[in-house]
Amino acid sequence: MGPALVHLVPLALAAALSSVPITATIFILLSESRTSSGFAFLAGTVLGTFAALTLATVAGQALPRRPRQHADLVEGLEVVLGIVMVLLGVMTLAHRTRSRGGRVPGWLDGIGSVGTVPVFGIGIALNLRPKSLLLAAAAGLAISGANLPSDENLVLVVLYTAIASCTVVVPIVVTVLFPRQMEPRLVSAKGWIAAHSTVVGATILILVGGFVTGVGLTG
């Protein structure tokens with residue numbers, strides 16, 4: 001399980017530091033319905049992350065099972081996914097430079113007032129963004145390529161889900177428990193994320209893409 005875990009943790013951290021779910025979490029927690037909408041978004045995010053990685057792992061296990069053929073195919077797919085991550089990160093940085101970014105997507109402004117069911121759906125849907133799908137696919141290949149027993153695969157899927165969703169889960173739980181202490185911090189974080197999150201997220205994606213590509217080339 002050790003080698004798979006080494007591959008998995010950077011991918012999970014990249015998912016955790018994704019700006020869109022973090023920003024959505026902050027907007028929800030600054031709304032009047034932060035408790036109900038917050039827990040709905042938390043549930044959707046965790047379920048969506050778990051489901052995406054489970055499907056990616058199952059798909060990876062469905063690849064040809066001859067050991068050498070399977071390993072070669074996994075390594076080739078890792079190289080492709082890594083290169084796509086790097087390109088996506090570079091394109092994100094280029095787009096931000098052209099647009100002189102720092103603006104938050106308009107749909108986030110009212111996310112706290114749309115109701116618990118839509119917020120739950122948004123939590124799931126955010127796992128269908130290109131970045132999330134690429135990270136889940138790379139993580140699924142890392143798990144399936146390790147040829148571990150089913151129970152160890154499940155442990156890795158749960159661990160990835162826990163790390164990837166911690167930047168949503170922890171702020172929601174802490175804010176519900178300590179709303180007065182957290183509100184000033186959320187307001188400050190909202191401004192910082194609007195200014196810097198795109199650059200940070202894109203840079204991390206480029207670094208993780210390089211890591212995944214290296215894993216595929218040296219595997």
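The values are calculated or read from the model by the stated rules, or taken from the named source; none is laboratory data. The structure presented is a predicted model; accordingly, all values stated were derived computationally and were not measured. Reconstructed Cβ throughout: ideal geometry from the backbone, glycine too, with neighbour counts over all protein chains shown. All accessible areas refer to the heavy atoms of the entire protein, side chains included, with ligands and DNA or RNA removed. Shrake-Rupley method; radii C 1.70, N 1.55, O 1.52, S 1.80 Å.
Looking at Ile143, Ile204, which one is at pLDDT 90 or above, more than 30 Å from Glu32 (Cβ to Cβ) and in a helix (DSSP H, G or I)?
Going through Ile143, Ile204 in turn, just one is at pLDDT 90 or above, more than 30 Å from Glu32 (Cβ to Cβ) and in a helix (DSSP H, G or I): Ile143.
So, in the stretch 156-191, how many residues would count as being more than 17 Å from the chain's Cα centre (by Cα) and either surrounded by 13 or more Cβ atoms within 10 Å (Cβ to Cβ) or not β-branched (Val, Ile, Thr) (or both)?
Count: 18.
Go through the stretch 1-81 and tell me which helices (runs of 4 or more DSSP H), entirely inside it, have 3 or more residues that are surrounded by fewer than 19 Cβ atoms within 10 Å (Cβ to Cβ).
2-16, 34-61
Here are Ala142, Ala146, Ala137: which of them is in contact (Cβ under 8 Å) with a residue 40 or more places away in the chain and either open to solvent by less than 20 Å² (accessible area, probe 1.4 Å) or farther than 25 Å from Leu205 by Cβ (or both)?
It is Ala142.
Provide a single number: the residues in the stretch 160-212 that are of a type outside the set (Ser, Thr, Tyr) and in contact with an Asp or Glu (Cβ under 9 Å, 6 or more places away or on another chain).
So the answer is 1.
Which numbered condition trips up Ala194, out of (1) surrounded by fewer than 19 Cβ atoms within 10 Å (Cβ to Cβ); (2) more than 23 Å from Leu88 (Cβ to Cβ)?
Unmet for Ala194, out of (1) surrounded by fewer than 19 Cβ atoms within 10 Å (Cβ to Cβ); (2) more than 23 Å from Leu88 (Cβ to Cβ): (2).
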